[in-house]
1. What is the extension gain from Lys99 to Ser244, computed as 0.36 nm multiplied by their sequence separation minus the C-alpha to C-alpha distance, in nm to one decimal?
2. With charges only on Cβ, +1 for K and R and -1 for D and E, what is the dipole size of the chain about its Cα centre, in debye, rounded to 20?
3. How far is the Cα center of region 338-361 from the Cα center of region 202-227, in Å?
4. Lys/Arg Cβ at +1, Asp/Glu Cβ at -1, dipole of the chain taken about the Cα centre: which of Ser47, Leu250, Asn122 is farthest positive-ward?
5. Residue by residue, what Karplus-based ³J(HN,Hα) values in Hz, rounded to whole numbers, does region 46-52 have, using 6.51, -1.76 and 1.60 with θ = phi - 60° and x for Gly and Pro?
6. Work out from phi, with θ = phi - 60° and the Karplus expression 6.51 cos²θ - 1.76 cosθ + 1.60, the ³J(HN,Hα) of each residue of region 321-338, listed in order in whole Hz, and give x for Gly and Pro.
7. Evaluate the relative contact order of the chain (contact order divided by residue number), counting alpha-carbon pairs under 8 angstrom at least 6 apart; express in whole percent.
8. Report the per residue volume, in Å³, of the convex hull enclosing the C-alpha atoms of the chain.
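None of the figures in this text is laboratory data; all of them are computed from the coordinates on show. Fair warning: this is a prediction, and the values are worked out from it, not measured in the lab. Don't worry about glycine lacking a Cβ; one is built from the backbone with ideal geometry, like all the others, and counts go over all protein chains shown.
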Amino acid sequence: MKNIYVTILSIFALTTIQAQGNKFNLIVGTYTKTCESKGIYVYEFDSKTGDFSLKNNTENIFNPSYLTVSNDNKFVYSVSENDKKSSVSAFGFNSKSGKLDLINYQNPNGLNPCYIINDDKNVITANYSSGSISVLGKKSDGSIGEVKQVVQHTGNSINASRQEAPHAHMVYFSPDKKYVLANDLGTDKVYLYQYNPNATNDVLVLKNAIAVKPGSGPRHLIFSKDGKYVYLLQELDGTVTSFSYADGILKKISETSVVASEFKGDIGAADIHISPDGKFLYATNRGTANDISAFKILKNGKLEFVQRTSTLGKGPRNFAIDPTGNFLLVGHQYTNDIVIFKRDSKTGILTNTGKKVALCSPVCLVFTKI
């Protein structure tokens, strides 16, 4: 009888562990001006079923449009886009309850930060309106220190309405953390900075700058899983450029597009990610298309088109693939929802689950462990 009881307990414990292994936190940043949003929301997401439930949210955080989580999962860092009043905030994060407690905030000395990354030493932002990059120190308690460095981009490009000045749109660590790559939509360049995390002043030192097609507007990039390739998505013309990468050097190998050949509407390419298994790449296009394209990643780094499908909403600003690769979630800035797609891991094809999260203006989705 005792053995049967122990066996039942063991099965129950194993089942519980397996169920917990399917659960992740989904942290969502929003815009708060156009509809009712309290800032940052934390959901529990089941990667086996695609089900979700709200765990917690902040109160009165203005336009936390982009987020990043510390390596130890104890802190969340957020930008607040607010013109001259823009800030960068640090939150203590309880991964079990989803509770976010504001620790402090700092002025990044840049206008409208739209992207943020962090490591053990620093928090780094791309500031869209001022066309600059800010490096802020990080303290041992997770709080953000003062600005160490501001790197100012200069120049413009051929699109008079969008490229009249530099517009830094993304900062991103190389896999070995030796470099920080920065996309500038306004200058049509990707800047590669040598990263010196322990430096007091010159944390970022320019090594190289790659010019892309005039008027293309570099927005987001992603590294291949082996770190040998970089895929750059350009907002203004929908181009995806594939580069080989080694030690801070990019070399162009091919180009494709997220725009259908017969499409005649407005282009607004937004976000780009690779599946956890490294086999497929996805990229969204806003404008009047509101779709997402899937590509198979070939051994030579080039892309092979797989699928283009509606995101079932307006303004697919950001998306995320859950860590198991089973689901892809698209946040819609203008229809105020997150649409959940099932992902076929063998073909890369997306299908609608019929499930969606109703939320005001979701613009950043980040999965973390619980």
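1. Roughly 48.1 nm would be gained on extension.
2. 640 debye
3. 29 Å
4. About the Cα centre, the residue reaching furthest to the positive side is Ser47.
5. 9, 6, 8, 10, x, 7, 8
6. Running phi through 6.51 cos²θ - 1.76 cosθ + 1.60 with θ = phi - 60° gives 9, 5, x, 7, x, 6, 10, 10, 10, 10, x, 9, 5, 9, 9, 6, 7, 10 Hz.
7. For the chain, the relative contact order is 11 percent.
8. Normalising the Cα hull of the chain by residue number yields 153 Å³.
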